[in-house]
Amino acid sequence: MVLSMTERERQRAILRKLARLEDGVLFHPATIIPTGLARLDAALGTGGLPLGAIAEIFGASGSGKTTLALQMVRRAQSSGAGAAWIDADRTFDPAYAASLGVALDRLVVVMPESAEEAFEMAAKLAASQAVSLLIVDPAAALVPAVELDAAIGSSGPGLHGRVLASGLQKLAVAVARSGVALVFLNQTRSRMEGGGDADTSAGGPSLKLYAAVRIALEPAGTGAVRFRVLKNKAGPVYGRGELRWIPGAGFTETA
């Protein structure tokens with residue numbers, strides 16, 4: 001049977017969409033939110049992080065994760081987009097955020113009591129259409145309610161991982177539908193055997209699976225931080241570079 005041009009084009013469009021369907025989440029690489037840092041945006045290949053997807057930025061303590069996220073919030077606010085911050089370990093510093101140019105009166109900050117509450121807050125914020133950028137800081141502090149209430153060692157093996165896996169699965173769908181960029185900040189996991197693995201973050205494999213983009217940060221000497229794009233469903237992978245870090249002013253935004 002000979003297909004008409006319209007039918008052919010429709011089939012091609014369906015195939016293109018299916019090619020982008022991975023892990024049950026469909027997102028559009030052309031729709032991004034810039035980080036505001038030219039080198040990082042260039043390394044991502046699309047000019048920023050994909051909207052409608054989850055990203056993970058992880059590294060050791062002091063590698064600049066919070067600073068980078070706050071500068072992303074500032075960049076989003078400067079373009080008129082809304083932003084929210086889920087403060088999982090109650091360490092958000094308003095003074096530091098303001099020093100980096102974040103408009104505190106336009107930033108929604110919430111403090112969940114548990115992992116389940118954090119996922120619920122994130123889903124509601126995403127569905128509100130009031131924000132384009134949502135930061136969760138840090139992923140390692142997302143502790144299940146049962147684990148918080150139970151005695152030490154009585155919550156059962158694997159509970160934390162199962163709660164995160166279930167929450168992320170539902171949240172990935174909500175984020176894809178709403179078009180929000182959801183960024184988890186995370187700590188590098190330290191392993192005793194083999195000297196450790198700098199590319200492994202806390203929280204188990206679930207976040208690594210559901211993240212469309214994973215960016216690792218690590219100190220690179222005085223006043224410098226090295227970034228590596230370890231996963232990127234929206235563009236090229238393995239992009240890397242260095243950012244200058246000026247005390248009190250954050251990362252420079254020039255290439």
Open item on the list: Give me the residue from region 241-255 that is out of contact with any strand residue (DSSP E or B) (no Cβ under 7 Å at 6 or more places or on another chain) and part of a strand (DSSP E or B) and, out of that set, modelled with the lowest pLDDT.
Closed with: ILE246
Open item on the list: Just to verify a result, which residue in region 116-137, among those that are outside any helix (DSSP H, G or I) and without any contact (Cβ under 8 Å) to a residue 60 or more places away in the chain, is surrounded by the fewest Cβ atoms within 10 Å (Cβ to Cβ)?
Closed with: GLN129
Open item on the list: Among the residues that make up region 39-56, is at least one of them touching a residue at least 24 places away in the same chain (Cβ under 8 Å), over 14 Å from the mean Cα position of the chain (by Cα) and more than 18 Å from PHE251 (Cβ to Cβ)?
Closed with: yes
TODO: Identify all residues within region 80-104 that are in a loop (DSSP other than H, G, I, E, B) and out of contact with any Pro (no Cβ under 8 Å at 6 or more places or on another chain); write none if there are none.
DONE: GLY80, ALA81, GLY82, ARG90, THR91, PHE92, ASP93, LEU100, GLY101, VAL102, ALA103
Open item on the list: Where the second residue is outside any helix (DSSP H, G or I) and of a type outside the set (A, V, I, L, M, F, W, C) and the first is under 14 Å from SER132 (Cα atoms) and lies in region 159-187, which pairs have Cβ atoms under 6 Å and are six or more apart or on separate chains?
Closed with: ALA176/GLY52; GLY179/GLY52
TODO: Kindly provide the set of residues from region 200-240 that are in contact (Cβ under 8 Å) with a residue 24 or more places away in the chain, among the aliphatic types (A, V, I, L, M) and part of a loop (DSSP other than H, G, I, E, B), ordered by number.
DONE: ALA202, ALA234
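The values are calculated or read from the model by the stated rules, or taken from the named source; none is laboratory data. All values reported here derive from a predicted model rather than from experimental measurement. Every residue, glycine as well, gets a Cβ built from its backbone with ideal geometry; the counts of neighbours run over all protein chains shown.
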